[in-house]
1. Expressed in whole Å with the largest first, what are the equivalent ellipsoid semi-axes of the range A:316-378 derived from the C-alpha gyration tensor as the square root of 5 times each eigenvalue?
2. Quick one: check the C-alpha center-to-center distance for the range A:228-274 versus the range A:442-519, whole angstrom.
3. Can you give me the Cα centroid spacing of the range A:79-107 and the range A:204-225 in angstrom?
4. Rounding to the nearest 10 and keeping the result within 0 to 90°, find how far the Cα-based axis of helix B:2-48 lies from the longest principal axis of chain B.
5. Go through the range A:274-307 and name the trypsin sites (Lys or Arg not before Pro) that are in a DSSP coil and have 14 or fewer other Cβ atoms within 10 Å of their Cβ.
6. Equivalent ellipsoid semi-axes for chain B, as square roots of 5 times the alpha carbon gyration tensor eigenvalues: give them largest first, rounded to whole Å.
7. Extension gain A:Asp393-A:Gln380, at 0.36 nm per residue separation less the Cα-Cα distance, in nm?
8. Multiply the residue separation of A:Ser467 and A:Thr257 by 0.36 nm, subtract the distance between their alpha-carbon atoms, and state the gained length in nm to one decimal.
Amino acid sequence: MRLILLLLLLPLSAWAEPEYTLKSAFEAASQVSGQGAASSSDEAADGSDSSSAVSGGETDALDFDLEELGVADDAEQRLLRGNFYYTYLTGDYYRTLYYLNAWQALIGAEGAPELEADVMRAAVYLSLGLEDEAESIFYDVFQRGGMASGDAWYFLAQRLFSSGEYERAEQSARNALSAVPAVSGRHDQELRAILVGSISEQDRVDEARDAMSGLRDKSIWAGYARYNLILAMIRQNYKSRVLEATVDEAIYYLPDTDEGVALRDRILLISGIAAMEREKHAMANRYFRDVTLESVFSPPALLHYGWNLLAEWRYEDAIQPWRILQRMYDEYHPAVVESYLAVPHTLELIDAVNQAVLAYERIEDSLSVMVDELKTVNQQASLGEWLGEWRNDNATENWGWQRQALSDLPDSQITRFAQGLLDDEVFVSELAVLHDLDRIQADLTRAARDMALWEQVLIERREHLASLGGEAVLDALEDKQMDVLRGILSVQDRLLDEDEKVFAYASSADEARIERLRNVVPAVTYLQKVATPTRELWPYKERWRRMRGLQLWEIYEHQPQRKWDTERDHMILRSETDQLFKQLENTRTSLMWADSTWRGFPEQVTAIQGRIVEAQARVAELQAAQEAHLTTLAQTHLTELDERLTLYLAQTRLALARLYDDSLQKNFGDDDYDGEPETPAAKPAPKKAEKPESGPESEQESEQESEQELGNTTESADSLDSDVNDSADVSGSNAEVAASEGNQDSDAAVSSGVGE
Amino acid sequence: MRLLVLVGVFMASLVHAEDAAIREDVMSVKNAVLDLNRDLYELERQLLSPATTRAAFHITLNHGEYFEPLSVELSVDGQAEIQHLYTERQVKALRMGAVQPLGDLNLAPGKHDVTLIVRGVDHLGQGRELSITESVTKTSKPLITEFLIVDYEELQSARVELKYW
C-alpha cells in the first residue's frame, strides 16, 4: 500500500519545483527567439517540441514539414512542385520563387540528382530579365548533368527562344525531347517548333528540315516552324524550288483561323519580298496577291505589290494597290506614308501629268499638315505626357514574362507618328524595362504600406496580450493549484493513517452506530441497578453485544471494498489534478510563447522597411533615367521622321515646280503661244513655289505683270533646271529608298514576331 | 577628320557603356526586390499563419475533361473563409497539372467541418456545382489538405475528393 502511494506521489515531487520547470522553459524561449521568429512561432504552442526546436537550432526553409505528418515524399514534392508551376504559369512571381526555394530545399536534402528546380529557376530568371543569373545556372546545369522533366526543359527552351538565345534554346529543346519523364503532349508540337526555329535561326537549313519530321502538318506550330525555316532559306539564298515548295506547303496546311490567316499573310509577305529581290516578279505578284486585307501584314504587302508591279513596267496596275493602301489604312501608317510619292511618280511615268500634279498637290497638303503636327508633338512635355498615359494604362500589368503586349500605346497623335517606332525592338525592350521598374515601384509601395500595417498589428498584439494580464491570472491559478495540492497531500496522509485505525475505512454512521451499541449494555446494567428488573436481562445484554459484534463484523466485511473505492476515488482525483496541472503548465507555456507573436517581428519589420526605402530610392532613380532615355529615343525617331517627311515635302514641291516648269517650257515652245500659260491643273501653281504676288489693278498692269511673271518663271525655271533634274533623280531614288525602307519595315515587322 | 571619327567612336562607346550600366543597375534592383519579396512573403506567413494553427488548402484538377471550374468557395464550420474566381490562365495551369494553393487559414486544434463548393461548367457547357463536406481533425501540427477534382468516366461527370494530412 505504501509503495503504491509512494509511486502515486512521484509526479507530485515534480510539482514541488515549478520554478525549475518554468525557468528552463524561459531559457528555451529566449534561445529560440534569438534564433529567429521562424522557428519560435512554429514551435510555440507545442511545449513538448520546444526543446527539440532549441536543440535543432535551425530555421527550416519549409514552413511546414509534411514528412512529420506522414505525408509520402512524392506527395510532398508533388504539392510543392504543383504550387510552383501554378504560380509560375499564373505570373505570381513572388510565390514562384518561394515555392521554388522550398521545393529545391526538399529535393536537395534528399541528395537526388534532380535538376528540374535548377532548370526552372533559370527559366524564371530569364523570364524576369535576369539574364546573368539565368546564364550561370544554365552553365551549371549542363556541367553537372542530371535529370529534369521534359516540361521543365520545355519552359526553359521557350524562354531562351524568346530571348534570342537560339543555340541554348536548341540544347534545351533537345533535352526536353529526350527527357524522362517526357514532355507532355500539349507542349510537344510547340517544343518541336522551337527546335526547328532555333536551328533555323542558326541558318542550318538542312538540319531544320530534318527536325520538321516530328511536326504534324496541320498544326499551327508546323506553320511557325516552316515560317522560320523559310526565313533561314531566304537568308541562305537556298535553292528556289525547295523554297517555293516550302512556301506552298506552309500556306496550304495552315489552319483557317485568325492566327492561321495572319501567319499565312506573313509567310506570303516575306516570300513575296524575297521573290522580288530575286527578280522573280511573277511569283512575287502571286504571293502578294494572295495576302488578305485582314491582317497587320496587309499594308506592307500592298506597298511591295505596287513596287513589284512597277518593276515590271506595269505602271497603271502598280497604282491600284497603293490606292487601296491609302484608302483603307491610316494616313500615318509607315507603309501609307511610303506610298505617298509612289503614286504621282508612277502617274508621271505614264504621262498622266494632270493626275500627277493633283496627286502631288494633295500630298503636299497632307505632308504639310503632318510636318506641322509632328513639330507640335515632338516636344519633351508632350512625349512625357504620352509616356505617362501609357504607364497608367499598363498599371495593372505584371512584370516579367506575364506582361502583355506593352507596345499598345495610347491612341493619340504621337502614337500615330510613332507607329514605326513601335516595331523597333530596342524601343519596345526599353519600354519593357520602364514598365518593370514601374511595377517594381508599385510593389515596393504596397510592401511599404503592408509593413506599416503589420507594425500596427504587432503593437496591437502586444497591447492586447498585456491587457489580458495573463501573468497575474496564472499566478492566482497557481496559488489555487498549490492549495489543491496541499489538500491532496493531507488526504494522502489520512489514507496512510487509516490502515492503523481499528475502524479503518468505516463511515461516520458506522462509527456512531458502534458507539451507540457499545453504550447499550452499560446502560442496561445501570438500569438494573436503579430498578429491580422483572426478568433476566443478560440475554438482552448478550444480544446487544452480538449486535455490536455483528456491526463490527459488517464493518470489517466491507473494509476491503471501501478501501478499494477510496483508493479508486483518490486515483481519479489524482488524475484530474494531474490534468489540471498539465493544463496550467500548458497555459503558462502558451503565455510565455504568446510573446513570440510579436517578439522579434518589429525588428524584422524595421529592417525590411529600411530595405524597402533603399530599393524605392534606387528604383525611382532608374525610372527617371529610363524615362529620359525613352523620351530621347522617341524624340530622335520623331525628328528623323520629321526630316524624312520634310524631304518628301521638298521632293513633292520640287516635282510640282518641275511639272509646272515643263509645262511652261512646252508652252513657250509652241508656235501658237498666246501669252496665257496653260496650267496643267485648274488650281494655280502652289504658293510655296511662287514669288510674292501683287494683285493686278488694271488689264495693262495685268499684262505687264503677266509678262514679268513669265520672265521670272523662265528665270526660275533656268535656275531650277539643275534642281529639277536632281529632283527627278531624287524622286526616282526616293522610290527606291521608299521601297528599301518598306522592305526594312516589313522585314522588321516580320522578324519581330517570330514564333509569337 | 580622324579626330571627328575618334570623337564619334568615343561618344558611341560612352553611350553603350551608359546603357550597359543602366541594364546592370536594373538587374541588380530586380534581384534585390526579389530577395526582399521572398523575405516579405516568409515573414507574412510566419506572422499571419503560425505553423501550429496553419491549415493549408490546395486544389488540383485531374484531366478536367468533364468539368471546368469557374469559382470556388471554401467554408470551415459553416463560415465562408475563401472565395476565388478563376481566370482562363489559372484554369489552363490547373489543366496542365499545377496545384493551386487556395490559401492558408488559422484553425484551432480539434475537429472541423470543411466544405468546398466548386461552380463551373461541364463538357456540354451546362452549369455544374460540385461540393464536398468532410470532417477533418486539426492537431498542433499544420493541416495540409488537397481537394481533387477528378473525372468520373462512368457517368461522364466529375466529383471532388478530399485528402488531408
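1. Equivalent ellipsoid of the range A:316-378: 23, 14, 7 Å, largest first.
2. Cα centres, the range A:228-274 to the range A:442-519: 86 Å.
3. Taking the Cα centre of each part, the range A:79-107 and the range A:204-225 sit 33 Å apart.
4. Tilt of helix B:2-48: around 20 degrees.
5. Numbers: sites: A:Arg278, A:Lys280, A:Arg286, A:Arg289; in loops: A:Arg278, A:Lys280.
Loop-located and lightly packed - A:Arg278.
6. Values: eigenvalues 493, 121, 22 Å².
Output for chain B: semi-axes of 50, 25, 11 Å.
7. Numbers: separation 13, 0.36 × 13 = 4.68 nm, distance 2.00 nm.
Gain on stretching A:Asp393 to A:Gln380: 2.7 nm.
8. Working: separation 210, 0.36 × 210 = 75.60 nm, distance 6.82 nm.
Gain in length upon complete extension: 68.8 nm.
No value in this document is a laboratory result; all are computed from the given coordinates. A quick note: this is a predicted structure, and the numbers were derived from the prediction, not measured. As a convention, Cβ positions derive from the backbone with ideal geometry for all residues, glycine included, and neighbour counts pool all protein chains shown.
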